[in-house]
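The structure appears below as structure tokens.
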Amino acid sequence: MFFLGIDAGGSTCRARLTDKAGNIIGHGKAGPANARIGTDKVFAAIQTACEQAFAEAGLGPEEHVRTRAGMGIAGINRIGAKEALLAKGFPFASVIINTDGVIANIGAHGGQDGGDCHYWHRQHCLWPC
């Protein structure tokens, strides 16, 4: 069993592959993957980053079916974006998709309870609190 984490943002898409013990065995990086650029481009960026992570780990595509993937994707809360992306057909045993903000919060708090608040003005974060 393997676990794949995807951070798909507006400037880069990063992948990290771990084994069941939590050891990092592969990394990947691709271009932008914000949902606003379109499902095909997001899927391609995720696919590129994943292929790099599996290659670094010395694993072939046959291992995808033994992999559980969790993805945080910028803009995925746009109407229909998540459904359209899932319809592309990821090859993994399971896929969970949420926003990049959710995975940032999980990472910041190590999976424990916590919060994140920002003061937003004209789509720019002015003050994290």
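Throughout, read-outs are computed from the coordinates displayed, never taken from laboratory work. Source: prediction; values computed, not measured. For neighbour counting, all protein chains shown are included, and Cβ atoms are generated from backbone atoms with ideal geometry for every residue, glycine included.
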Calculated over region 14-99: convex hull of Cα atoms, volume per residue (Å³): 82
Sequence ranges 31-37, 13-19, ranked by mean other-Cβ count within 10 angstrom, highest first: 13-19, 31-37
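Go ahead and run the numbers for FRET between residue 98 and residue 11, Cβ-Cβ distance against an R0 of 22 Å, rounding to 0.05.
Efficiency, from the Cβ-Cβ distance: 0.70.
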